[in-house]
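K.L.:
Structure in structure tokens, see below.
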Amino acid sequence: MKLQLILENQEVELNEKVSIPLNKTYENLNNPTDIIVDYSKSINIPMTSKNNEILSNSYRLDRSIIGNTSGSNIGIYLDPTKKIPMKLLYNSQVVLDGYAKFVSANNSTKNSYYTLNLFGMIGEIFQKLKSVVLS
């Protein structure tokens, strides 16, 4: 059984400590129309050389965001404010399709990892609908 996280067609290196339980919680049951994300989860992925390359060493303070001409949002162009297309696979089957957002990085001597929030695609659809629907 293999868990894979794909960010913009690049596989992220995961270790056995990374777990992504797929459960849904709804915080506002009084008004279900407030629920615009079907799934969201914060995960920590290890800082490996491959993950550093994918996330462009985003923990570096001397790094600057360069204008992107390729359309990709990761690699040397990572902009932490933008959504990164994401797929979560389990045994090569797509379990979750959506987007990820870079949250933070911890580069301590004991534990080095990136924190990402994963969101399901339904949230993206509802956010786009909210921007085009007239009040």
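K.L.:
Determine how large the accessible area of Phe119 is when every protein chain is in place; take a 1.4 Å probe and give Å² rounded to the nearest 10.
P.N.:
We get 40 Å² for Phe119.
K.L.:
Give me the lysines in straight-line cross-link reach of Lys41: C-alpha distance below 16 Å, same-chain residues under 8 apart excluded.
P.N.:
Straight-line reach from Lys41, under 16 Å: Lys17, Lys24, Lys83, Lys87, Lys101.
K.L.:
Along the range 89-98, what does the Karplus equation 6.51 cos²θ - 1.76 cosθ + 1.60 (θ = phi - 60°) give for ³J(HN,Hα), rounded to whole Hz, x for Gly and Pro?
P.N.:
So the Karplus estimates, Gly and Pro as x, are 10, 10, 6, 6, 10, 5, 9, 9, 10, x Hz.
The values are calculated or read from the model by the stated rules, or taken from the named source; none is laboratory data. Model, not experiment: these values are computed from the prediction. These area figures cover heavy atoms from the full protein model, side chains too; ligands, DNA and RNA do not enter into them. Shrake-Rupley method; radii C 1.70, N 1.55, O 1.52, S 1.80 Å.
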